[in-house]
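Undergrad: The structure follows.
The values are calculated or read from the model by the stated rules, or taken from the named source; none is laboratory data. Everything quoted here is computed from the prediction, not taken from an experiment. When we count neighbours, we look across all protein chains shown, and the Cβ atoms used for this are built from the backbone with ideal geometry, even at glycine. To get the accessible areas, we keep the full protein, side chains included, count just its heavy atoms, and leave off ligands, DNA and RNA. Shrake-Rupley method; radii C 1.70, N 1.55, O 1.52, S 1.80 Å.
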Amino acid sequence: MLMRRINKRETRLCFSEMVCRLSHLFLSPLVHESPSAAESQYFVPFRIRRSFHGCRPAQASRVYISNRSAHSPRSSVAPNRMSRLARSEAQDALFDYLHCTRGFYFTDAEHISKNSPHFVQALLSRVDNEHDVSQALSRFLRYNPINEFEPFLESLGLVPSELVSLLPRDLMFLSDDQVMLDNFHILSNYGFPRSKIGKIYKEANEIFRDDSTLLASKLRAYEKLGLSTSTVVKLLSCCPSLLIGGISKELVGVLEKLKLLGFENDWIGGFLSGKNTHDWNRVLDTMNFLGEVGYSDTQMAVLFASNPALLFEGSGKKIYAIIARLLKLGLKMSQIYTLFSQDPQILSPKRAKNLLQTTCFLYEIGMETRDIADIIASNILLLGSHSLRQPKTVMRNLKVDKDSLCKIIKEDPLKLLNLAGKSNISYIKQLSSQIHGKFLEKTSFLLKLGYVENSDEMTKALKLFRGRGDQLQERFDCLVQAGLDCNVAVGMVKHAPSMLNQTKDVIEKKIDCLRNCLGYPLESVAAFPSYLCYDIDRINLRFSMYVWLRERGAAKPMLSLSTILACSDARFIKYFVDIDPEGPAMWEILKKKMLT
């Protein structure tokens, strides 16, 4: 009798194992004729309804998984009814499966289970009893291994619609692709956010097929270009193609050119964004193009420092378009540079687009090239800040022909904005009078700094700057009068707007302190504009302590302003007071002097 029971038990186990193996055969991706079906497809075992042997009745913990996506209309209702607790339990069940059953590293299992919501939702949609989620899914996962590539790739930042083409067709366990895992861990340990690695996996999948030592050597090669680890991470996260093949010669050329212009290699790290496409060949061509049309290295440095978007938004494409169009109109390069010096934001993508749109508008109504050039050169600030309606729409609304419209605009170019501009007409008239008036309002001052009218950036700036436009202009002028380039001063104000909320006398006092008391060159404040925002007592106290240390040979000469001012009080005391045995006593003496 005992042997008969054992034989029956072995038969059940063999049958269970056979079902699991058959289930694996149905895990390969399915090819759908409909793209929408393919986009929402999750690859799960064929529909199984089975009971799990245990102390509870089988129907109390049933979980059904079918080859129908959890996102299809017929199954999308269940996940919405699941509570946050149920989802948490499902994540815990997936974590236990990955970590305890499959032997994943704790951090890997935790990240996958917490960052694959679509996969977890697909599991939850098959739970009959919400109050028994944990046990139901644990039992299901015990007898029905999943395709581990699905939650893994989703946790890397990929969406379900992207998984169809990326899932391997002959593998279901991550451990079966150890080379891929090794390269993943190389990137993760280097500092790449796991949620960003999905983009690399999608756009540079080749690197996950090579030995991990090759990937590690490529990362070191980019560091040897003079880039910090954080910059390498930003660079390769937004430009994964740089990992394919050897080091990009175009990128090397851009870095070398920027170095000649006075920029550090890590400067580019502050402007890299996954939202933009960076074509380093075009960026290099743009820099060379500016040199060919007459820009000196100094002029280019000022241009890029005040408006980095010229290089990093659209990879310099707009520069070609706007300069070529202005040259075609008959403007000389010296005139163009003067216009750009007055308002570097003219070359920003939005303003460049508006200027090109204006030029096309005037061409379309039949205006002569010379007249177009005069209108653009005289009103470039206003024209770059507004978008226009189509000529046909304007003529239909005004009930005039091309010749009549052309004559109206030639007599008064600002009527172009009144008649064709998308902005409020009364606002444009007011803006025009402000620019030519004696006293500038705040909005007009911000427009001169390069802010775009009615933009979110302009709205925020209006709240940050305090005072009338003429007062802000006076404070700004004192920066230029001190010896700072106008474009550099604009960049400083945008970086630290609160500096202009101080009176002219306070700003001049801090600049004088920088030069004559601290012995720093004026250029140092351009590198750290927030210097002008700190209280003068804090500046004097900290620099007095630093000078004392420097005279005793306990501190390096000419440390950056940010190193001394930006750190917290506790950090400053640790590195600039306690570093010398007599430091604490001197610190107290200096503080008492400030109080008297």
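Undergrad: Can you name the number of the only condition in (1) without any contact (Cβ under 8 Å) to a residue 12 or more places away in the chain; (2) within 20 Å of LEU472 (Cα to Cα) that ARG515 fails?
TA: Unmet for ARG515, out of (1) without any contact (Cβ under 8 Å) to a residue 12 or more places away in the chain; (2) within 20 Å of LEU472 (Cα to Cα): (2).
Undergrad: Take PRO168 and decide whether it is without any contact (Cβ under 8 Å) to a residue 60 or more places away in the chain, over 24 Å from the mean Cα position of the chain (by Cα) and part of a helix (DSSP H, G or I).
TA: On the way: without any contact (Cβ under 8 Å) to a residue 60 or more places away in the chain: yes; over 24 Å from the mean Cα position of the chain (by Cα): yes; part of a helix (DSSP H, G or I): no.
It is false that PRO168 is without any contact (Cβ under 8 Å) to a residue 60 or more places away in the chain, over 24 Å from the mean Cα position of the chain (by Cα) and part of a helix (DSSP H, G or I).
Undergrad: Filtering segment 195-214 down to residues that are outside any loop (DSSP other than H, G, I, E, B) and aliphatic (A, V, I, L, M), which residue is surrounded by the fewest Cβ atoms within 10 Å (Cβ to Cβ)?
TA: Step one: of segment 195-214, the residues outside any loop (DSSP other than H, G, I, E, B) are 195-203, 205-208, 212-214.
Of the ones still in play, those that are also aliphatic (A, V, I, L, M) are 197, 200, 207, 214.
Numbers: ILE197: 22, ILE200: 23, ILE207: 20, LEU214: 12.
The extreme case among them is LEU214.
Undergrad: Further question: Looking only at segment 370-399, filter to residues that are assigned to a loop (DSSP other than H, G, I, E, B) and under 34 Å from the mean Cα position of the chain (by Cα); which one of those is surrounded by the most Cβ atoms within 10 Å (Cβ to Cβ)? Spell out the reasoning first.
TA: Of segment 370-399, the ones assigned to a loop (DSSP other than H, G, I, E, B) are 379, 385-387, 389-390, 399.
Checking the rest, the ones that are also under 34 Å from the mean Cα position of the chain (by Cα) come to 379, 385-387, 389-390.
Values: ASN379: 17, SER385: 27, HIS386: 22, SER387: 14, ARG389: 14, GLN390: 13.
My answer is SER385.
Undergrad: Something else now. Take the conditions in contact with a Ser or Thr (Cβ under 9 Å, 6 or more places away or on another chain) and surrounded by fewer than 18 Cβ atoms within 10 Å (Cβ to Cβ) and apply them to TYR222. Does it pass?
TA: Details: in contact with a Ser or Thr (Cβ under 9 Å, 6 or more places away or on another chain): yes; surrounded by fewer than 18 Cβ atoms within 10 Å (Cβ to Cβ): no.
Against the criterion (in contact with a Ser or Thr (Cβ under 9 Å, 6 or more places away or on another chain) and surrounded by fewer than 18 Cβ atoms within 10 Å (Cβ to Cβ)), TYR222 does not qualify.
Undergrad: Within the bounds of segment 166-184, is there any residue that is open to solvent by 10 Å² or more (accessible area, probe 1.4 Å), out of contact with any strand residue (DSSP E or B) (no Cβ under 9 Å at 6 or more places or on another chain) and small (Gly, Ala, Ser)?
TA: Yes, segment 166-184 contains a residue that is open to solvent by 10 Å² or more (accessible area, probe 1.4 Å), out of contact with any strand residue (DSSP E or B) (no Cβ under 9 Å at 6 or more places or on another chain) and small (Gly, Ala, Ser).
Undergrad: For the condition in contact with a His (Cβ under 7 Å, 6 or more places away or on another chain) and crowded, with 17+ Cβ neighbours inside 10 Å, what is the one hit in SER116, SER155, SER125, SER138? Steps first, please.
TA: Working: SER116 fails: in contact with a His (Cβ under 7 Å, 6 or more places away or on another chain); SER125 fails: in contact with a His (Cβ under 7 Å, 6 or more places away or on another chain); SER138 fails: in contact with a His (Cβ under 7 Å, 6 or more places away or on another chain).
Result: SER155 is the single residue among SER116, SER155, SER125, SER138 that is in contact with a His (Cβ under 7 Å, 6 or more places away or on another chain) and crowded, with 17+ Cβ neighbours inside 10 Å.
Undergrad: May I pose another question? Can you give me the number of residues within segment 355-369 that are open to solvent by 10 Å² or more (accessible area, probe 1.4 Å), modelled with pLDDT of 85 or more and under 13 Å from SER387 (Cβ atoms)?
TA: 2
Undergrad: Ok, one more. With modelled with pLDDT of 85 or more, open to solvent by less than 40 Å² (accessible area, probe 1.4 Å) and assigned to a helix (DSSP H, G or I) as the only criterion, which of SER241, SER237, SER217 stands out? I'd like the intermediate steps shown before the answer.
TA: On the way: SER241 fails: open to solvent by less than 40 Å² (accessible area, probe 1.4 Å); SER217 fails: open to solvent by less than 40 Å² (accessible area, probe 1.4 Å).
When all the criteria are applied, what remains is SER237.
Undergrad: Residues of segment 571-589 being surrounded by fewer than 16 Cβ atoms within 10 Å (Cβ to Cβ) and assigned to a helix (DSSP H, G or I), which ones? Spell out the reasoning first.
TA: Quick first cut of segment 571-589, residues surrounded by fewer than 16 Cβ atoms within 10 Å (Cβ to Cβ) only: 571, 574-575, 578-579, 581-582, 584-585, 588-589.
Selection gives ARG571, LYS574, TYR575, PRO584, ALA585, GLU588, ILE589.
Undergrad: Separate question: Would you please name the residue that is farthest from ASP176 (Cα to Cα), looking only at residues in segment 102-113 that are open to solvent by less than 30 Å² (accessible area, probe 1.4 Å) and among the small types (Gly, Ala, Ser)?
TA: Only one residue fits best here, namely SER113.
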